[in-house]
Each structure stands twice: as structure tokens, then as C-alpha cells.
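For reference, the structure discussed in these notes is given below.
The values are calculated or read from the model by the stated rules, or taken from the named source; none is laboratory data. In this text, all values refer to a predicted model and were calculated from it rather than measured experimentally. As a convention, Cβ positions derive from the backbone with ideal geometry for all residues, glycine included, and neighbour counts pool all protein chains shown. The area values use the complete protein model at the heavy-atom level, side chains included, leaving out ligands, DNA and RNA. Shrake-Rupley method; radii C 1.70, N 1.55, O 1.52, S 1.80 Å.
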Amino acid sequence: MCRNNYISVSALFALTLGLLPACDPDARDSESIFGGDDMGDTAGDEAGDEGGAEQEEEIPELPENLSAMFDAAADEFDVPSGLLRSVSLIETRWQMVQGMVEFEGKDVVTGIMGLKGLQLQEGAELAGVSISDATTDELSNIRSAAALLSAMADQHGVADRNDPEAWTSVLAEYSGIESPEGQMAYVQDEVFKALPQTHEGGPFLPIEIHSGDEPQNHATVDFPGAIWRGSPNYSNRPGGTNPEMVIIHSCEGSYSGCWSWLSNSQAGVSAHYVINNSGSEVSQLVRENKKAWHIGASYNCSLNNSTKCNKNGSSSNNFTIGIEHAGYANQASWSNGLITTSAELVCDITQAWGIPRDQYHIVAHGTLQPYNRIDPGPNWPWANYLAQINAYCNGGQPDPEPEPEPDPEPEPDPEPEPDPEPEPEPDPDPQPSNVDITIDSNNSLNGPDANITVSGSWTSSSGPTDYNTGYWWRGTGAISDAAEFAFYLDEAATLTVEAWWVSGWNRSSSAPFLIYNSWGTHLDTVYADQKQNGGQWNELGTYEFQAGWNTIDLSVWAPAGDVVIADAVRVHTP
Amino acid sequence: MKRFPTILLAFALAAAPCWLACGAKPRSADDDAAPSAAASAAPAPACGELIFLASAGHDAPQRIVAMDARGGAMRTLHEPPEDDEHEAGEPEHEGGGHAHGGGDFPALLEPSGEGLMILRSQPAGTGKTHDELLRLALGAEGATPVSLTAGFGPAMIRNPSRDPAGRFLVFESDANSFRDLYRLELSSNGGDAPSVLRLTGDEQGNFEPALSPDGERVAFVSSRDGDAELYTMTADGGAPTRLTTSPGDDSAPRWSADGQTLAFVSARDLDRGMDVFVIPAAGGEAKALLPARDAPVLVRDLSVSPDGTKLAFTELSQGAGAAVVVVSFPEGAVLARSRERGEGAGATPLIDEQPVWSPDGKHLAFTRGSGPDRSDILRMDADGRERVNLTMGPSDNRGVHWLPRWSPTSATSSCARR
């Protein structure tokens with residue numbers, strides 16, 4: 001039977017799919033996945049009608065305190081509260097996250113509002129909060145995003161802020177998505193569509209959804225119900241090679257941002273599938289029998305319990321299928337809908353290609369590429385996920401004993417046959433490029449990847465041994481008023497931290513430097529004697545930092561009567 | 001140094017250099033009190049107001065008064081509160097001072113003329129004093145001085161130097177040590193910041209801070225390396241840098257208007273006594289500012305003119321009293337003297353001292369002491385032509401007027417009314 005009863009939250013999609021003139025002859029027959037079964041609450045039985053009544057999507061409970069924060073930020077910056085809620089739902093499902101690098105060249109995402117890259121610094125500055133607060137504190141992150149959206153609304157000339165349409169260009173820019181199709185999908189199909197579910201009353205009303213490009217070439221999807229969004233970033237699998245594993249990824253971003261990037265020829269990367277964060281929509285970008293470029297690592301079976309050691313040294317892309325999931329490796333939880341849909345998709349893939357349904361053949365990206373990836377992260381519900389996959393494939397029965405894997409029998413692979421075309425995969429080199437960032441006390445001398453924040457209680461000064469142009473000083477005492485040196489990393493890196501100060505008799509002999517990574521994790525506190533060694537770089541230590549805005553805070557919490565000096569901090573590859 | 005005029009040495013009050021052009025220009029020529037001198041080119045009218053300390057005699061109660069810079073009646077600005085401790089002070093210092101070892105003294109005048117910082121000093125035994133800095137608002141009649149240093153000390157406070165932008169003071173105190181430098185915030189910048197920050201800590205002592213015109217650097221004297229030498233540091237106590245190396249004491253640094261040069265007093269050349277020298281503020285060679293005089297001199301009260309082109313100082317000569325000398329700066333050519341050598345010499349030589357510049361830099365006021373119970377405030381042109389005694393009244397020969405400060409505004413003058 002054809003899986004044509006895909007129940008989307010979008011009436012439009014349901015309609016479109018429902019009107020498909022014919023089933024895809026290539027599509028594999030399988031059980032209906034999106035409706036009519038008991039594998040989750042993604043679709044209700046009552047929604048199975050053709051023509052698709054508006055479908056309640058699985059929306060997480062919005063805690064009251066968050067609701068109040070959205071409202072407060074909305075009032076303060078004159079941005080509709082519903083819009084803030086909707087953006088947050090689409091970006092993070094109302095979770096505080098710190099994105100990591102999944103795709104080279106894409107900004108990492110921070111916080112409940114999904115602020116991307118330098119947006120975080122810009123928003124934090126507009127909202128008057130420190131970068132570390134914007135990274136770790138929900139309200140600060142929401143206020144930063146609201147301030148940024150408000151400023152962008154001014155730039156874009158949004159006349160009536162209560163008119164959703166008027167925000168289209170603002171949201172398109174906020175999304176960080178480059179392609180018009182991706183922007184339109186983000187704004188219309190995701191943010192606007194979520195409005196009626198996130199907004200409570202008021203004049204901000206849902207508008208009619210009119211997606212830009214309708215799914216093309218439905219006939220080409222391997223997983224019926226998926227939307228075909230073909231990517232140019234693929235190549236042929238080496239001769240005789242079929243998919244033998246499924247790799248589970250997290251996008252480290254929103255759904256539209258994910259599929260639009262992976263279908264952009266400039267990205268040079270792709271995946272076979274992308275699933276949105278509620279599980280209500282699946283995009284297919286590359287046919288399963290083709291090679292998508294979703295994992296940079298060469299295969300190393302020792303990372304995977306000696307499974308398929310004959311593949312060692314070859315590109316992992318050659319024999320795997322990659323599934324991206326909208327979300328973040330360090331988010332606290334994944335929606336049931338997403339897990340259910342993904343499980344159904346994986347079941348479908350394993351049935352089509354005869355792939356064992358176990359942890360050795362359904363593998364995390366981070367497992368195979370541990371030097372710079374951890375996705376889908378520690379909160380991916382592996383046990384439940386594998387159980388659901390098996391349940392789908394066995395009609396709800398436990399999987400019969402997994403077929404004995406013939407490995408590690410040295411099956412004479414006809415490879416290595418050289419790739420017909422060079423595969424512009426992510427750099428598999430575990431050594432990232434050299435980092436050397438100096439955060440000066442003077443922001444006008446800082447690059448876009450460096451920022452200092454001090455309160456009005458710090459005093460500027462200058463002297464012959466300062467770094468560049470002057471420094472900040474403040475009296476010590478039992479108070480929290482740290483000077484924050486922040487730096488942005490595209491990618492996680494191990495870096496040596498150094499600090500520069502102007503020494504003097506009244507300097508604190510225990511100036512506390514607090515080292516945080518971009519997840520807000522406190523890595524260390526180093527007490528520096530600023531009475532000594534002024535006018536030079538002084539090493540504080542070497543730490544593992546994450547992609548995003550990492551911070552070095554110089555606290556004033558030290559025995560009173562002294563001063564601490566915030567002049568410059570440098571981080572560099574050891 | 002037998003007859004060093006100790007009457008005023010007791011209180012080493014900063015000479016309140018007016019770094020900023022005070023901006024009070026003569027409004028018109030219709031001033032009612034024309035200057036007395038009838039020269040071909042009439043001297044510029046003196047504008048503003050002089051503020052100084054006045055008493056009937058060295059043992060009489062003293063008050064802070066104001067007088068139009070062109071002369072006139074004295075108007076009381078401040079009388080210290082009745083305090084038995086003043087009267088019950090220890091014996092007066094050698095040489096016989098006006099003060100009782102305590103009292104309220106005009107320390108620094110804000111360049112705008114809106115406020116006067118008063119140093120209140122009370123004897124505390126064994127040569128120590130307990131001092132306080134207060135601010136007296138000058139705009140309102142009957143204002144009461146407000147303490148700026150409540151909670152600091154009790155300790156001696158000396159040589160306050162004001163940030164030209166008015167943000168803070170740096171001063172010298174024995175609060176925690178023999179003598180170290182402290183910074184006092186004048187405007188609360190966060191509420192919780194300590195209002196007083198200690199800047200130095202050397203048991204040999206740190207003295208005589210002078211803030212640079214941009215308020216960023218402190219020149220000061222320290223004996224940390226064995227004897228009194230000049231140092232600079234940042235205004236928050238950072239990166240102390242030694243400037244001088246001489247066996248004789250170096251002291252009393254003053255900044256040039258551009259912050260590039262320091263004038264100071266040095267005992268490095270015995271033939272000169274204690275004379276004026278200059279040194280680049282960034283370090284370099286110290287040079288005498290003037291040619292050597294016939295006999296050793298004792299120089300103090302260095303005061304740079306508002307535009308930075310002139311330096312005034314007190315020059316004491318053995319047996320000949322003291323004169324106020326004005327020289328070009330940094331060239332060192334003598335432009336004016338408050339009196340010629342020998343003039344006023346006698347059994348009790350005149351002591352001309354404490355020069356202070358008018359905000360427009362065209363005049364100076366100074367103190368002329370002529371005995372234990374007589375000193376006057378005089379005004380002279382920067383070129384020395386006009387000298388007017390402003391306080392010599394018709395009464396008896398008793399009357400002590402000293403520590404002049406020059407405000408750009410005046411309650412009575414038509415030049416620039418407050």
C-alpha cells in the first residue's frame with residue numbers, strides 16, 4: 001500500500017500528498033507510519049481523513065515562568081510574544097541549548113532562542129546583558145533575541161509589528177538561512193505555522209500558510225511521505241556497495257536551516273534525510289542508493305565494536321545512510337514525535353537494505369567521528385529508539401534474534417575503487433586550524449570573534465605597560481561584577497589562555513579568572529597574582545573550549561582593598 | 001635652613017594648579033574698579049574672586065573669605081565650627097604659626113569655582129594630625145561643608161591633587177603606614193566601590209602626588225629605593241616607573257600642560273641649594289631650569305600657568321626672604337619677580353610665597369609675609385608690572401591673610417558673575 005496518508009500539521013501538505021495521482025512505483029511498501037498506529041501521538045486517528053483537518057502537533061508544555069519571560073521581553077522590545085514563542089519552539093523546542101559544529105561554515109546556535117554565531121553578541125549588547133548570561137540564562141537569551149529582532153524590525157522598516165507578514169524579511173534574516181526556499185519554509189511553514197499554537201490571544205493572528213516551493217519529484221522519494229528536496233551534494237557509491245549502516249546526526253540547528261543548507265551546492269555536505277523537531281515532516285535530499293556526504297571520518301571499526309572492519313580506511317559515506325534531526329546534541333530531551341518518525345524511517349531503511357537493527361548498524365555520528373563530533377548527544381534515547389525501530393519492523397513484536405553478523409570475516413571487498421569524483425567532505429583532520437584570538441579591553445580593537453563586557457563600576461585607565469590602549473580596573477570585594485572576555489569559536493578547540501595586566505602594589509594577589517566554555521560549563525578558576533608580571537602575557541592554563549561564545553570572567557570577588565585589572569586575554573592553539 | 005617660613009610649611013597644601021583654562025573672560029571694559037597702574041598698555045582686568053584664609057593675628061580665629069580679584073571687602077565663606085580641640089591643641093610649631101596646629105584650610109578649588117575643598121586638621125599628639133577633606137559648595141549662601149573622607153582614617157591627609165576632570169583625588173596619608181598614596185573617588189561610580197583606594201605600599205614612604213593633565217598618571221615622590229626620587233604610575237596605582245636617580249632628594253613634581261614634562265625641586269646640586277629642574281615625563285635626563293644664582297636658593301610652591309607656558313615658584317634666598325618668580329616654561333627665562341632682590345630686605349625680610357595663577361593666566365596672587373602677625377594677599381600681572389596689595393587695610397599692623405585660591409567666578413564682579 002502507498003503511504004499517502006501522511007498527516008502533516010500543515011493542511012496544505014496533507015492535501016498535497018493526499019492528491020498524489022499515483023503512488024511512487026519506487027517507493028517501498030510498508031506500514032503507514034504517520035497515522036493510524038499507536039507508535040506515538042504524532043498523528044491522531046481522527047486526523048486520518050483525506051483533506052487533513054488541522055492537526056495538533058506535539059507541542060511541549062510551556063512552563064509558566066518561560067511564558068512570563070516571553071511576555072516580558074515582548075513588552076520591553078515591542079516584539080509580539082507569540083512570535084518569540086514560535087521562533088523558540090522552532091529553533092529549540094523551548095530548551096536552552098548550545099549548538100556545536102555539525103556543518104563546517106555554519107554558525108553555532110546558542111540558547112532557547114537559537115541565536116546564531118555573532119547574533120548572540122549583538123543581541124546581548126542590545127539587551128545590555130553579558131554574553132555568558134545570554135548563553136546560560138533563559139531570560140537573558142530571550143531578551144537578547146527580542147532586542148535583536150526589534151532592531152532588525154527597525155532596519156527592515158516593519159511598520160505594523162502586529163502584522164505577521166511584516167516580519168517575514170526579519171525572520172528570514174534571523175534564520176541565518178541563505179537560500180530563499182529555506183527562508184520561506186522557515187518563516188511560513190515553521191514559525192508562522194507554530195503561531196496559533198504558541199500565541200495566546202491578542203491581535204497576532206495566524207495567517208494562511210502558503211509555502212514557496214512545493215515538494216518536487218515526489219516520485220523519487222524512498223520513504224513515502226517524505227518531501228523531496230534534492231541536494232546536488234552526492235555521488236555514486238563505489239561499485240557493488242550498498243548501504244550497510246545508518247548514521248544518526250543532529251542538525252545543531254533548525255529544520256529549515258538544516259535541509260536548506262544541505263541542499264545548497266556551496267555547503268559541500270548533505271544527508272539522505274532531515275527530520276523536523278516534532279517529527280511531523282521528513283525531507284529526503286539524496287536517494288538511498290546514492291552516497292550522501294554526511295560524515296567526514298574515514299571508517300575505523302575499532303570505534304564501533306569491530307563491526308565491518310573490512311571497511312576500515314574507506315569513507316564512511318560509502319556504505320551508510322545519514323539522517324539529520326533538527327535539534328542539538330546537548331539539548332535536554334528529544335520529542336517523542338521525532339523519535340517515532342525517525343524510528344519508522346530507520347525501520348524502513350533497514351528493511352529495504354537488509355541492515356541489522358542493532359547498535360552496531362544504527363550508529364551515532366559522534367561514535368564514528370569522536371574527535372570533533374558528539375551528535376546526536378547524550379540525551380538521544382537509544383534504548384527506546386532501537387526498541388521502536390524493531391517494533392515497527394516486527395509489528396510491535398520484539399525483534400527476533402539479530403541475524404548473526406558475518407563480520408569480521410574478511411569479505412573481499414571489490415573496493416577500493418577510487419571515487420569517480422572528488423568528494424568535498426568535511427576535513428577529516430582531527431587537528432583543527434590554528435586559533436589565536438586576543439580579546440582587548442577596548443572593543444573597538446576587537447574582531448567580530450572577540451568581545452569584552454564590563455559594568456559601569458569598572459574604571460578605565462592607561463599606562464606604559466598596558467596592552468594596546470588602556471585597561472579596566474575595579475576594587476575587589478564580595479560582589480559579582482566580573483569583567484567578561486568572550487571569544488567565538490567555529491569549532492571546539494583546545495586552547496591555551498593567557499592574560500595581560502598592569503601590575504602594581506595594590507593589585508590583587510588572587511585575581512580570580514573563571515574559565516567557561518560555550519555551554520556555560522565552568523572549566524576552572526585560576527587565581528593570578530597581579531602584583532607581579534605586568535606588561536606581559538601570563539599563562540592561565542589550557543582548556544577544551546566548545547564552538548560558540550566561550551568566556552573568561554575576571555571576578556572581583558577577592559579580599560577587599562585591592563584592585564583587579566582587566567586588560568587583555570589571549571587564547572591560542574597550544 | 002634657619003628661617004624657612006614655617007608658618008605655612010605646616011600644611012603642605014597643593015597649589016591648586018589651574019590646568020584648565022577657566023573660561024571666565026572679561027566681559028567688557030566697563031568694570032567699575034579700574035586697576036591702579038596707569039601704564040601705556042593697561043593691564044588686563046583681574047576677574048573672578050580670590051579665596052583665602054584670614055585672621056586678625058596668628059593666634060586669632062581664622063575664617064575662609066572671598067574677595068573680588070580687583071580688591072574690596074572680604075566676605076566670609078566659612079568659619080570652622082567651635083571646637084575646643086582647636087584651642088587645646090599642643091604647643092604651636094617652632095617658628096610660631098598662625099594656626100593652632102589645627103583648623104579648616106582652603107585646599108583645592110574646583111576649576112569651575114563651584115566648590116572648594118577644605119582640609120580640616122586636628123592635632124592628634126606626637127606630631128600627628130587627624131584630618132578630613134570636605135567640600136564647600138560656593139554657590140549657595142550658608143552652605144555647610146560635606147565630608148568627602150568619612151570613614152577614612154583617622155589619619156593625616158596631605159597634598160591632595162585633583163583629577164582635572166573632577167572624578168577623583170589622589171592624596172598622601174599615614175592611615176596605614178608611614179606615608180602612602182590613596183585615591184578618593186569624588187563621584188560614586190557604582191555605589192559599592194570603595195571610595196578610597198590605596199595606591200602604594202612602601203615602608204620608606206610615598207609622597208606628594210601630582211595628577212597629570214589628562215588625569216591618567218600620577219607623578220610622585222618615593223623613598224622606596226633609598227632616597228627621595230621621582231616616580232610615575234597610573235592613576236590607579238599601576239606600573240610604577242622610576243624617573244630620577246640622584247643622591248639629593250627630588251620632590252614636588254608638577255606636570256607641564258601637555259603632560260610631556262615634569263618640573264620638580266631637586267637638591268642634587270649643592271651649589272644651587274634646592275632648585276627647579278625639569279625632566280621628560282617618560283624618563284630621560286634631568287636639567288636645571290634656570291642658570292645658577294649667586295648663592296644657593298630654596299625653591300618651592302611650583303605652579304604651572306593654565307596655558308602651560310609659564311612656571312611660578314617661591315624662591316627663598318639666604319637672609320633675603322622669599323620672592324615669587326615667574327619664568328617661561330620650559331625655557332626658564334625670568335619674566336617677572338614679586339620683588340627685586342634686596343627689596344624689602346631688613347631685619348624681617350619679606351616672604352613672598354604661595355603663588356597662584358588667575359584662571360586666565362594673566363595674573364597671579366601670592367602671600368606676602370612681613371612678620372608673625374602680618375601677611376597680605378597681593379596680586380600682580382604675569383609680567384610683573386602691576387602689584388596690588390589687596391588686604392593691607394588702614395588698621396593696625398595685625399592681620400594674617402594667606403593660602404590664596406583664585407576662582408573664575410565672583411559674586412560681585414561684573415566680569416563673570418557666579
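Count of segment A:507-517 residues, restricted to those that are in a strand (DSSP E or B) and farther than 25 Å from A:Q119 by Cβ, is 4. Annotation note: Cβ proximity below 6 Å between a residue of segment A:310-328 that is over 23 Å from A:C251 (Cβ atoms) and in the same structural domain as A:L262 (by the TED database) and a residue that is among the small types (G, A, S) and open to solvent by 10 Å² or more (accessible area, probe 1.4 Å) (sequence gap 6+ or interchain) occurs for A:G313/A:S298.
Per-residue answers, yes or no, for (1) charged (D, E, K, R); (2) under 30 Å from A:S508 (Cα atoms):
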site: B:R198; (1), (2): yes, yes
site: B:S212; (1), (2): no, yes
site: B:G215; (1), (2): no, yes
site: B:A219; (1), (2): no, yes
site: B:T232; (1), (2): no, yes
site: B:A235; (1), (2): no, yes
site: B:D271; (1), (2): yes, no
site: B:M274; (1), (2): no, no
site: B:L289; (1), (2): no, no
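Among the residues of segment B:248-255, is any within 30 Å of B:A124 (Cα to Cα), open to solvent by less than 10 Å² (accessible area, probe 1.4 Å) and aliphatic (A, V, I, L, M)? Can you show your working first?
Going residue by residue through segment B:248-255, those that are within 30 Å of B:A124 (Cα to Cα) are B:249-253.
Next, only the ones that are open to solvent by less than 10 Å² (accessible area, probe 1.4 Å) stay: B:250, B:253.
Within this subset, residues satisfying the condition of being aliphatic (A, V, I, L, M) are none.
Checking segment B:248-255: not a single residue is within 30 Å of B:A124 (Cα to Cα), open to solvent by less than 10 Å² (accessible area, probe 1.4 Å) and aliphatic (A, V, I, L, M).
Among residues of segment A:347-381 being more than 16 Å from A:S306 (Cβ to Cβ) and among the aromatic types (F, W, Y), the one that is surrounded by the fewest Cβ atoms within 10 Å (Cβ to Cβ) is A:Y371. Considering each residue of segment A:499-517 in turn, at least one proves to be open to solvent by less than 50 Å² (accessible area, probe 1.4 Å), under 30 Å from A:Q369 (Cβ atoms) and away from chain B (no Cβ under 14 Å). Look through segment A:518-535, keep the residues that are of a type outside the set (S, T, N, Q) and part of a loop (DSSP other than H, G, I, E, B), and return whichever of them is farthest from the other protein chains (Cβ to nearest Cβ). Filtering segment A:518-535 for residues that are of a type outside the set (S, T, N, Q) and part of a loop (DSSP other than H, G, I, E, B), the one farthest from the other protein chains (Cβ to nearest Cβ) comes out as A:W519. Can you tell me which residue within segment A:107-142, out of those that are in contact with a helix residue (DSSP H, G or I) (Cβ under 6 Å, 6 or more places away or on another chain) and part of a loop (DSSP other than H, G, I, E, B), is surrounded by the most Cβ atoms within 10 Å (Cβ to Cβ)? This residue is A:M113. Before we move on, is B:A219 in contact with a Lys or Arg (Cβ under 7 Å, 6 or more places away or on another chain) and crowded, with 21+ Cβ neighbours inside 10 Å? The answer is no for B:A219. Tallying residues that are open to solvent by less than 10 Å² (accessible area, probe 1.4 Å) and among the polar types (S, T, N, Q) within segment A:143-179 yields 2. List pairs: first residue in segment B:272-290 and of a type in the set (D, E), second residue in a strand (DSSP E or B) anywhere in the structure, Cβ distance under 8 angstrom, at least six positions apart or on different chains. As it stands, the answer is B:D275/B:V265; B:D275/B:S266; B:D275/B:A288; B:D275/B:V297; B:D275/B:V299; B:E285/B:I279, since those pairs meet every condition given.
Is it the case that A:S444 is modelled with pLDDT under 95 and either facing another protein chain (nearest Cβ under 8 Å) or assigned to a loop (DSSP other than H, G, I, E, B) (or both)? Reasoning before the result, please.
On the way: modelled with pLDDT under 95: yes; either facing another protein chain (nearest Cβ under 8 Å) or assigned to a loop (DSSP other than H, G, I, E, B) (or both): no.
Considered against the rule, which asks whether it is modelled with pLDDT under 95 and either facing another protein chain (nearest Cβ under 8 Å) or assigned to a loop (DSSP other than H, G, I, E, B) (or both), A:S444 comes out as no.
Residue count for segment A:447-487, restricted to those that are open to solvent by 10 Å² or more (accessible area, probe 1.4 Å) and in contact with a Pro (Cβ under 6 Å, 6 or more places away or on another chain): 0. Where strands (runs of 3 or more DSSP E) fall wholly inside segment B:225-321, the ranges with 3 or more residues that are of a type in the set (A, V, I, L, M, F, W, C) are B:261-266, B:273-280, B:297-304, B:310-317. The set of residues in segment B:261-283 that are within 14 Å of chain A (Cβ to nearest Cβ) and open to solvent by 20 Å² or more (accessible area, probe 1.4 Å) comprises B:P280, B:A282, B:G283.
When the residues of segment B:327-377 are filtered to those that are in a strand (DSSP E or B) and charged (D, E, K, R), the one that is nearest to B:E49 (Cα to Cα) is B:D376.
Scanning segment A:310-340 for residues that are among the hydrophobic types (A, V, I, L, M, F, W, C) and either at pLDDT 95 or above or within 16 Å of A:Q369 (Cβ to Cβ) (or both) yields A:F319, A:I321, A:I323, A:A326, A:A329, A:W334, A:L338, A:I339.
With respect to the conditions (1) touching a strand residue (DSSP E or B) at 6+ places or on another chain (Cβ under 8 Å); (2) buried (at least 18 other Cβ atoms within 10 Å of the Cβ), A:D490 falls short on a single one, namely (1).
With respect to B:T129, is the statement that it is open to solvent by 10 Å² or more (accessible area, probe 1.4 Å) and more than 13 Å from every other protein chain (Cβ to nearest Cβ) true? Judged against the criteria, B:T129 is a match.
More than 20 Å from A:P196 (Cα to Cα) and outside any loop (DSSP other than H, G, I, E, B): does that describe A:L84? Reasoning before the result, please.
Numbers: more than 20 Å from A:P196 (Cα to Cα): no; outside any loop (DSSP other than H, G, I, E, B): yes.
For A:L84, the condition - more than 20 Å from A:P196 (Cα to Cα) and outside any loop (DSSP other than H, G, I, E, B) - is not met.
Residue count for segment A:87-106 under the criterion of being of a type in the set (G, A, S), assigned to a loop (DSSP other than H, G, I, E, B) and open to solvent by less than 30 Å² (accessible area, probe 1.4 Å): the result is 1. Do the conditions hold for B:L197, that is, is it within 14 Å of chain A (Cβ to nearest Cβ) and open to solvent by less than 20 Å² (accessible area, probe 1.4 Å)? Taking the combined requirement at face value, the residue satisfies it. Within segment B:207-224, the set of residues being within 14 Å of chain A (Cβ to nearest Cβ), touching a residue at least 60 places away in the same chain (Cβ under 8 Å) and outside any loop (DSSP other than H, G, I, E, B) comprises B:R217, B:A219.
The set of residues from segment B:56-74 being in a strand (DSSP E or B) and open to solvent by less than 10 Å² (accessible area, probe 1.4 Å) comprises B:I64, B:V65, B:A66, B:M67. Of all the residues in segment B:141-153, those that are open to solvent by 40 Å² or more (accessible area, probe 1.4 Å) and under 11 Å from B:G115 (Cβ atoms) number 2.
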